[in-house]
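Please treat every number below as a calculation from the coordinates, not as lab data. Here the structure is a predicted model, which is why all the values come from computation and not from measurement. Please note: Cβ atoms are built from the backbone with ideal geometry, for glycine as well, and neighbour counts cover all protein chains shown.
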Amino acid sequence: MSNTELLLRGGHVIDPSQGLDAVADVRFRDGRVAEIGPGLPVGAAEVRDVSGCMVTPGLIDLHTHVYWGGTAIGVDATQLALRSATATFVDAGTAGPGNFLGFRRHVIEPSRPVRIVPLLNLSFPGIFAFSRAVMVGESEDVRLLDIKSCVQVAREHADLIVGIKVRVGRNASGSAGAYPLDMALEVAEETGLPLMAHLDHPPPSRAEVMARLRPGDILTHCFRPFPNAPAKPGGGVRDEILAARERGVIFDIGHGGGSLGFGTARAMLAAGFLPDVISSDVHVISIDGPAFDLLHTLGKFHALGMTVPQLVAAATLHPARTIRRPELGTLKPGVGADASIVRIVETPTTYTDVEGVSIDGAHRWDSAGLVLSGAWWTAAA
């Protein structure tokens, strides 16, 4: 990684932020994109031949749980980065005000150049009991929800925290209904940050949650199966979902272990309702299936009929905008510093949703390399 120049030769560059979709070379110099174009001179650059591969801005997984070693739910982002060609992991509220500093000091900072940007959980201990053996919703006990502590920590780490997270639903908040969501919205309003809302089984209802979300807030698990599915029985999109999109709510997949149903996805796509963001919700359980990682999740939506440029936008440009980090998700010269190299292999592939339903796809998405901070990266580097 000592060479200050890197040239990616002959890849198919897809960058929705610039409308790029063509075979071209990409030169990185001093940690940034220097130029993009066909047949660039080698000069003093280290050359990597990526012909036959797709080159995109560094992929951003908007929903992950990577507080590895500090929480039961967390996985190791540095190990996952190469496997999934993911440059940026947005941690979806694994840590709360009571343990955020440990997350920053012991995981986020040592993981660089793999980038972890966190949402802060409303719950003081974050997601503290999530495993195959023990499952306790962190929003169920309102004694754990303190909005003053959440605001204080969000302000103290304003250079890093990109949003507030709350999990509501029978599994995450028991009988508390929408009360934790209302508290989290107060924190988000006070700090000027977007809110990401998890919704599992009612209570609260889908309608109650959608009525509360503001422009720029995120509904994750947006294509979950019944109950609280966004699609109407027999097809079409529920009115409260359409109204929320109209006012600027962001819809994120957040696949995970229970939140992507192919029946729901097909109904939503058939109605012309594409997700804004595709994310894996990778954690200690879903990493072994059915989500696995971001590339596998993107492969599922490829099999469902979304185009490659649409998929790239949903994992680069759109999540960068959602977390208000315009320097990410782009290969613009002078700005971009990360790139994902992906090989889309034409081969019969079976994909399975959270209900055990399978579909057959014609492609598999494989990681072929990762550029971080302008240098070719390996986990051992």
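Using Cα pairs under 8 angstrom and six or more residues apart, how large is the relative contact order of the range 59-322, in percent? Display every interim value, and only then the final one.
Working: 585 pairs, mean separation 45.6, N = 264.
So the answer I get is 17 percent.
Give the distance, in whole Å, between the Cα centre of the range 1-62 and the Cα centre of the range 257-310.
27
Subtracting the Cα-Cα distance from 0.36 nm times the residue separation, let me have the gained length for residue 131 to residue 288 in nm, one decimal.
55.2 nm
Residue separation times 0.36 nm, minus the C-alpha to C-alpha distance between residue 362 and residue 247: what's the value?
Details: separation 115, 0.36 × 115 = 41.40 nm, distance 3.62 nm.
Difference between extended and current length: 37.8 nm.
Can you sort 221, 318, 255 so the residue with the fewest Cβ neighbours within 10 Å comes first? Numbers along the way, then the final one.
Numbers: 221 27, 318 22, 255 30.
Neighbour counts put them in this order, fewest first: 318, 221, 255.
In what sequence do 49, 146, 25 fall when counting other Cβ within 10 Å, fewest first? Mind showing how you got there, number by number?
Values: 49 11, 146 18, 25 22.
Going from sparsest to densest Cβ surroundings: 49, 146, 25.
How large is the charge dipole for the chain, taken about the Cα centre, if only the Cβ atoms of Lys, Arg (+1) and Asp, Glu (-1) carry charge, to the nearest 20 debye? Intermediate results must be reported in sequence, preceding the final value.
Values: 33 positive and 40 negative charges, 22 e Å.
Roughly 100 debye, rounded to the nearest 20.
How much of the DSSP bridge set in the chain is antiparallel, in percent, rounded to the nearest 5?
Among the beta bridges of the chain, antiparallel pairing accounts for roughly 55 percent.
What FRET efficiency comes out for residue 266 versus residue 239 if R0 is 25 angstrom and r is the Cβ-Cβ distance? Round to the nearest 0.05.
0.80
Quick check: the distance between the Cα centres of the range 67-117 and the range 142-220, to the nearest angstrom?
20
Taking H placed 1.01 Å from N in the peptide plane, check which residues at least 5 places from residue 13 or on another chain put their amide H under 5 Å from its amide H.
Counting only residues 5 or more places away or on other chains, the set is 22, 23, 24, 55.
As a footprinting exposure proxy, order 332, 165, 232 by other Cβ within 10 Å, with the fewest listed first.
On the way: 332 17, 165 28, 232 13.
Neighbour counts put them in this order, fewest first: 232, 332, 165.
Would you calculate a helix-derived [θ] at 222 nm for the chain, using -39,500 (n - 2.57) for each DSSP H run of n ≥ 4 and dividing by the full residue count, to the nearest 500? If you can, show how the numbers build up before the last one.
On the way: 11 runs with 86 residues, N = 381.
Estimated from H runs of four or more residues: -6000 deg cm²/dmol.
For a distance above 29 Å, tell me the whole-number percent of Cα pairs in the chain that qualify. Show your work: numbers first, answer last.
On the way: 27885 of 72390 pairs.
I get 39 percent for the Cα pairs in the chain exceeding 29 Å.
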